[in-house]
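Just so it is clear, none of the values below were taken in a lab; they were calculated from the coordinates. Just so we're clear, the structure is a prediction, and the values are computed from it rather than from any experiment. All Cβ positions, even for glycine, are placed from backbone atoms using ideal geometry, and neighbour counts span all protein chains on display.
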Amino acid sequence: MKKIKIIFRDTEIIEFCRVTLDSNEIHDPIFMAKLDKRVIVPGMFTLSKTVNFSADFLKNHANSMKVLFNSLLSSGNLLHSALPPQTTILPRSGFRPSITGTH
């Protein structure tokens with residue numbers, strides 16, 4: 001089982017939001033500092049990091065991946081994940097990988 005540890009940093013969040021045109025203030029360190037809070041990690045950024053780390057598993061062993069967001073992640077939080085949490089080996093022929101997520 002592949003274990004993942006990711007720490008989201010303000011600089012990465014700012015760059016992701018710039019590229020994706022996400023202007024929500026909860027992703028802005030200056031705005032959040034005024035509230036004495038940490039920056040919230042965009043859900044799509046979390047999903048993209050998870051998918052990048054599980055790409056080999058998806059390519060070789062799976063035809064889908066389900067991602068559940070149970071709570072908000074803030075900058076500096078450590079994301080722990082073990083891939084795959086549940087494994088079902090399906091026939092490889094003719095499948096199209098799909099990724100599902102809830103937020």
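Annotations
- Scope segment 11-25; condition under 18 Å from L78 (Cβ atoms), in contact (Cβ under 8 Å) with a residue 24 or more places away in the chain and surrounded by fewer than 18 Cβ atoms within 10 Å (Cβ to Cβ); matching residues: E12
- Pairing residues of segment 26-50 that are free of Cβ contacts under 8 Å to residues at least 12 places away in the same chain with residues that are hydroxyl-bearing (S, T, Y), at Cβ distances under 9 Å and at least 6 apart in sequence or on separate chains, gives M32/S74; M32/S75.
- Residues that are part of a helix (DSSP H, G or I) and in contact with a Leu (Cβ under 8 Å, 6 or more places away or on another chain) within segment 1-49 comprise T46, K49, listed in sequence order.
Quick grid of which residues meet (1) exposed (fewer than 13 other Cβ atoms within 10 Å of the Cβ); (2) hydrophobic (A, V, I, L, M, F, W, C); (3) under 24 Å from L68 (Cα atoms):
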site	(1), (2), (3)
H27	no, no, yes
F31	no, yes, no
K34	yes, no, no
R38	no, no, yes
M44	no, yes, yes
